[in-house]
Structure formats: structure tokens, C-alpha cells
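What follows is a set of notes on a single structure, which appears directly below.
Only the coordinates and a few stated rules stand behind these numbers; no lab work does. Please read all numbers here as calculations on a predicted model, not as lab measurements. As a convention, Cβ positions derive from the backbone with ideal geometry for all residues, glycine included, and neighbour counts pool all protein chains shown.
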Amino acid sequence: MWVKEYEADARRGSGKSNVQVSTVPAPGLSAKLLPSLLEDLCFLTVLDVGAFMPAKVEIPEIVSMQDPQVDEKARQAEEILVAPRKALAALQQEKQRLFDAVRDGVTDREALQEWSRQEEQAQLALVQAQEESAQLKAWVHEHDLLGAYLGVVKSLADRAQKGNPAARMAQGTIPRWFAVLPCEKPYELWQTKRSIWGMPRKNNTCSKRPN
């Protein structure tokens, strides 16, 4: 426990002061209990504990990087553009036929106005489909583990073929780390350019693993 003394101001005329003692319980264990506890303590080493434990068995479980949900989202991002593009292409093909019909007097100009209205609606539908497709592709880019892995491998291979020594060395490490080691920050591969005297001049990022 903690003991604190507080001295008050001197009383007027007497020159005396009051001293107050405050006792506060402190956390922890009293030293008086140690002799009693030492009689019942038993110290064991790691080898003593492990002698009676079963042998460690590691069972690896293979988890594929290819996610069916990612593949489905990628397919939807492409399919959502098919119908609007076909509709707009059909209107573009019909355009010349309408112009020829109006020129020959077979069709009046109201048909061209109707065609313009349909083309505007088709272009608006295509823009909306492109926005939805972009959102799906952004989601795929964030969740596509296999695509990110293949991108890292291809980037390192391309730089290694161009004579980059840092990329050549990283080909045997970063792809393996990417597959088995989770990390908070992405792996980065840097190359330091040096002067003819060996002094560092500039650092360039050769490769960066996606988050």
C-alpha cells in the first residue's frame, strides 16, 4: 500500500500546521505471501512440457487463387455491354437506309427524328451500362488474387528479360511470398541507380504488389 502525507497551511497566530496521512491500497502481491508460495511451486522447462505432448503433424490445405465469384463478376462486366452495343450498332446500320429513303421520297423526315430519339436513348443506355461495368471491373480488380499474382510474375519476367538484375533476383522470392505470406503492406521492389563511383543517385520502383 501507498502512504502519503499532506501538510496543511499553518494556523494563523499559532505557527502550527496539521499533517494528514492517507493510505491507498496498491496493486500487486504482498511480499509476505512469497515464503508460503515458494513451498508449492514447481519449475518446468520447455523440454519437460514437450516430452508428454504428441508429435506435431502439419496438414497443408491448398486454397486456389481462382475465385468463382470473381470470375462471375468479370463475366457480368462484359455481358452487361453486349445488348446496348448491339442496339446502337443496329441503329447506325439503319441510318444510311433512312437517309436514302428520305432522299427518294419513300419516307418522310419524321422517321429521321424518331431515329435520332432512339439513338439518343441507345447512347444513354450504353453510358449507363459502361458505368455499371466499370464498377464491376473495379470490384474484380480489388478481389482478383490470381490476376494480381500473374501480374506480378509477368512484370518481373518482363523486367528481367530487359536486363534488370533486381527483377531477376526477385523472381525467386516475391511470387512465393505473395502466395503464402499475408502482410499489411504490399511488397515493393526497388532498384538503386549509382554513379560511376558507386554512390547512390536515384531509387526507382521496379515492381509493387497490389494491396
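Observations on the structure shown:
- Note on region 68-143: the C-alpha convex hull projects to 5.1 nm² when averaged across all orientations.
- Ranked for footprinting exposure by Cβ neighbours inside 10 Å, fewest first, E58, E119 give E58, E119.
- Out-of-range pairs (alpha-carbon distance over 27 Å; input K95/K137; K154/K193; K73/K95; K56/K154; K73/K162; K86/K137): K95/K137; K73/K95; K56/K154; K73/K162
- Per-residue Cβ neighbour rank within 10 angstrom, fewest leading, R159, R109: R109, R159
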